[in-house]
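Take this structure first; my questions come after.
The values are calculated or read from the model by the stated rules, or taken from the named source; none is laboratory data. Just so it is clear, the model here is predicted, and its values are computed rather than measured. Don't worry about glycine lacking a Cβ; one is built from the backbone with ideal geometry, like all the others, and counts go over all protein chains shown. When the accessible area is computed, the model is the full protein with side chains, heavy atoms only, and any ligands, DNA or RNA have been set aside. Shrake-Rupley method; radii C 1.70, N 1.55, O 1.52, S 1.80 Å.
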Amino acid sequence: MQRIDRRAIIQIGIPRALLMDHAGLALASLIRRRYPVSRYRDVVVCCGSGYNGGDGLSAARHLLRWGYRPRVVLVGSPKALRAEPALYEGILHRLHVPMVALTSPAHVARLRGHLRAASLVVDALLGIGLRGPLRPLQTLAIAEINAAGKPVVSADVPSGLDGDSGLPHGAAVRASATVTFGMPKRGLLARRARPYVGRLLVDEITLPPTLLTPS
Ligand SMILES: NC(=O)c1ccc[n+]([C@@H]2O[C@H](COP(=O)([O-])OP(=O)(O)OC[C@H]3O[C@@H](n4cnc5c(N)ncnc54)[C@H](OP(=O)(O)O)[C@@H]3O)[C@@H](O)[C@H]2O)c1
C-alpha cells in the first residue's frame, strides 16, 4: 500500500492532500451512517503527527460540516506535522475547532477528560507507518482510548496494530470499526486481529483502479 501511495502521488501526480481529504471523508461518512449526529455529536479525534493523523484532521473538517462537534487531541508536537496534515490543522484552527497537543506522557491525563466528554472517538494516531515498539506516550494514549468505553472508529489500521502481521506492537486500539484505505492490509484480515479491527470497511479514496489491480 505504501508503494501504491507513492506511485499515485509521484508517478500519477495525485496530490497527497486530495487523497487525505478522501480518507477523511470516508471516515466521516461511516460515522454519519452508523453514529448519527443526534446521538454522537461530541467526537474526540485523536491524531498522531504522521499522515494517519492527517486523515483524522481531514475527517474532523467533514464532521464539523455535518453538525458534529469535533475536538482534536494531537498526540505529538504540532511542529512535527508535515505539509498536508499541517494544511488541515490550519483549516481546523481557522474554523475554531478546539485542539490540544499532548507531547509528554505526563499530559495523557488530559486525554481522559476529553474522552469522558465525548460520545465517539476517532483513532488516527498511527497507521502503517508504525515502526518498532510503541513509545510511552502512544502506549498510554491507546490505553486511555481503550479504557474510555466509547465507540471507536480507526483510520486505516487500529493504532498500535501491525498492518502486516495483525499483532499489536505492545498495545493496540480496540476499534468498533476500521476504515482502511486503498486495499485491506494483510494483518487486518488475520483472525487474531479481529478484536482490534471491529467491522472492516475498505475505501479506495479515489486511487486509480489500475494501481489497485494486481498486474
Ligand atoms: N496519500 C495519503 O494521504 C494517504 C493515502 C493512504 C493512506 N494514508 C494514511 O497515511 C498513513 C501512513 O502515514 P505515515 O507513513 O505518515 O505513517 P503513520 O502511520 O502516520 O505513522 C508515522 C507516525 O508514527 C510515529 N511512529 C512511528 N513509529 C512509532 C512508534 N513505535 N511509537 C510511537 N510513534 C511512532 C512517527 O513518529 P516519528 O516521525 O517521530 O518517528 C510518525 O508520527 C496510512 O496508514 C494512512 O492512514 C495516506
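Hey, does the range 195-213 have a residue that's modelled with pLDDT under 95, hydroxyl-bearing (Ser, Thr, Tyr) and either assigned to a loop (DSSP other than H, G, I, E, B) or within 14 Å of the chain's Cα centre (by Cα) (or both)?
Yes, that holds for at least one residue.
Ok, one more. Restricting to the range 170-207, what's the tally of residues that are on the phi < 0 side of the Ramachandran plot and open to solvent by 40 Å² or more (accessible area, probe 1.4 Å)?
Adding up the residues that qualify gives 16.
Only one of LEU64, LEU87, LEU95 is touching a residue at least 40 places away in the same chain (Cβ under 8 Å), touching a helix residue (DSSP H, G or I) at 6+ places or on another chain (Cβ under 9 Å) and surrounded by fewer than 24 Cβ atoms within 10 Å (Cβ to Cβ). Can you tell me which?
When all the criteria are applied, what remains is LEU87.
Find the residue count for the range 20-44, including only residues that are away from the ligand (no atom under 13 Å from the Cβ) and among the aliphatic types (A, V, I, L, M).
Counting residues in the range 20-44 that are away from the ligand (no atom under 13 Å from the Cβ) and among the aliphatic types (A, V, I, L, M) gives 6.
Quick grid of which residues meet (1) open to solvent by 30 Å² or more (accessible area, probe 1.4 Å); (2) among the polar types (S, T, N, Q); (3) farther than 17 Å from ALA117 by Cβ:
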residue	(1), (2), (3)
ARG135	yes, no, yes
ALA147	yes, no, no
VAL152	no, no, no
SER159	no, yes, yes
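Here are the criteria: (1) within 8 Å of the ligand (Cβ to nearest atom); (2) farther than 22 Å from ARG33 by Cβ; (3) within 16 Å of the chain's Cα centre (by Cα); (4) surrounded by 15 or more Cβ atoms within 10 Å (Cβ to Cβ). Tell me which single one GLY129 does not satisfy.
For GLY129, the failing item is (4).
Take the range 48-61 and flag every residue that is buried (at least 24 other Cβ atoms within 10 Å of the Cβ) and more than 9 Å from the ligand (Cβ to nearest atom).
LEU57, ALA59, ALA60
Something else: Got at least one residue in the range 72-83 being away from the ligand (no atom under 13 Å from the Cβ) and polar (S, T, N, Q)?
In the first step, residues of the range 72-83 are kept if they are away from the ligand (no atom under 13 Å from the Cβ); the result is 72-73.
Pick out the ones that are also polar (S, T, N, Q) and you get none.
Checked the range 72-83: no residue is away from the ligand (no atom under 13 Å from the Cβ) and polar (S, T, N, Q).
Considering only residues that are more than 16 Å from GLY54 (Cα to Cα) and of a type in the set (D, E, K, R), look in the range 98-123 and name the one that is least open to solvent (accessible area, probe 1.4 Å).
It comes out as ARG112.
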